Amino acid sequence: MQTPVRTSSSRYLSRAQAQQFALPVLFSLFGVIMGSWAGRIPSMAERVHVSHSALSMVLLCMMGSLGARKTLLLSGMALLCVLIAIGVAPTVPLLMMAVLSLGITASTFDVAINSAATSRELRTGKSELSKLHGLGCAGGLAGATLGSLMASLHIKPGVHFMMLAVPLAFVLYIAYNMLEADQPSQAVEKKKFSLPRGPLLFLGMLGFLGSMAEGSIADWSGVFLKEHFGASEGLAPLALSAFSVMMLLARLVGDKLKVRYGARPLVTSGAMLGAAGLFFAVLSPNAYFALFGFAIAGLGMSLVFPFVFSAAGAQGPAALAGVASMAYSGSLMGPPVIGAIAQGMGMQIAIAYVGGLAALIAFVASRARMLK
């Protein structure tokens, strides 16, 4: 008579353990996909002969589209399919169309996993978004490093992405099925756009500026090393790797630091450090010193997104949707601005502009009362 009770209990524990495992896997998987894409940008730009201004229009398509959200499974599978399409696109117009699709599917997937993570923080009362974003960095580092290896072996991006898509689709399916059906917040799914107001506006501004800065580093750091220092296709993606590995290390301890020091001083001082690292990269005498500068930038910028999203999620799904909307607006604004600066004044000035964004993040964070 007691056996069914034990069986039910063990099934409940297994389900709970699976849920604990699912979100880290999904964050890591997302990092691998986006790191793989960013790591091959320099070689793809050369393959289709894209100028700074044209490449900025390609990266402009990396916008978030909160009105086109689908489920985690569908958006993740679509994301993998679009990644392959990017790798095989023969012309700039087709590449732009593919990257537009990547922007829609990636933003849908990104908001869904962050919504699930902030919901779990509210239920458990435990800060863990920094660690989850750290696992996303680990995935991004793995993806960018793999991209560097594939480029050094002269494996075309299309072949690389096809080799990646099949195993990741299987991992995605398993991890998605570990989550309960109601994990992605339905309120966020239905929210199309909400401009944050009052104290929440500061979080939205931090999301906007952080998205511009972090996305610009991911998209342009490899191009900077390749064009300014003449770095090889194998070395250029390591700028993103250096940025990501330090971001990873900081995010793994970020939740503990938040409990001890609070989110606002960590984000403020970190953004100032990030600005210093980017200016160091701009003034570096060679590519290896620049890699160190990008590593320092990664350490400094690491806690912006986890703490901003955590603070917004604590205010409810509508607040998270509003902050996410402003963050994706930053992704929309960043690429054409950086591309225009690079085209008109050179890559050094473009990266220095990103350093200025990091300094502005420090200023805004020092006045964001919701960062606690």
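The values are calculated or read from the model by the stated rules, or taken from the named source; none is laboratory data. Predicted model only: the values in this text are computed from it and were never measured. Quick reminder, even Gly has a Cβ in these numbers, built from the backbone with ideal geometry, and neighbours come from all protein chains shown. What goes into the accessible areas is simple: the full protein's heavy atoms, side chains included, and nothing from ligands, DNA or RNA. Shrake-Rupley method; radii C 1.70, N 1.55, O 1.52, S 1.80 Å.
Points worth noting:
- Some residue of region 211-227 being open to solvent by 30 Å² or more (accessible area, probe 1.4 Å), modelled with pLDDT under 90, closer than 19 Å to residue 338 by Cα and not in a helix (DSSP H, G or I): no
- Scope region 141-156; condition within 19 Å of residue 239 (Cβ to Cβ) and either open to solvent by 10 Å² or more (accessible area, probe 1.4 Å) or touching a strand residue (DSSP E or B) at 6+ places or on another chain (Cβ under 9 Å) (or both); matching residues: 141, 142, 145, 146, 148, 149, 150, 152
The rows are residues; the columns are (1) surrounded by 24 or more Cβ atoms within 10 Å (Cβ to Cβ); (2) farther than 28 Å from residue 32 by Cα; (3) not charged (D, E, K, R).
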{"site": "249", "(1), (2), (3)": "no, no, yes"}
{"site": "256", "(1), (2), (3)": "no, no, no"}
{"site": "265", "(1), (2), (3)": "no, yes, yes"}
{"site": "278", "(1), (2), (3)": "yes, no, yes"}
{"site": "294", "(1), (2), (3)": "yes, no, yes"}
{"site": "298", "(1), (2), (3)": "yes, no, yes"}
{"site": "304", "(1), (2), (3)": "yes, no, yes"}
{"site": "312", "(1), (2), (3)": "yes, no, yes"}
{"site": "315", "(1), (2), (3)": "no, yes, yes"}
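- Some residue of region 238-245 being closer than 21 Å to residue 150 by Cβ, open to solvent by less than 20 Å² (accessible area, probe 1.4 Å), among the aromatic types (Phe, Trp, Tyr) and within 19 Å of the chain's Cα centre (by Cα): yes
- Residue match in region 173-190 (condition: at pLDDT 80 or above and touching a Leu at 6+ places or on another chain (Cβ under 6 Å)): yes
- Failed item in (1) open to solvent by less than 40 Å² (accessible area, probe 1.4 Å); (2) at pLDDT below 85; (3) under 16 Å from residue 312 (Cβ atoms), with residue 198 passing the rest: (1)
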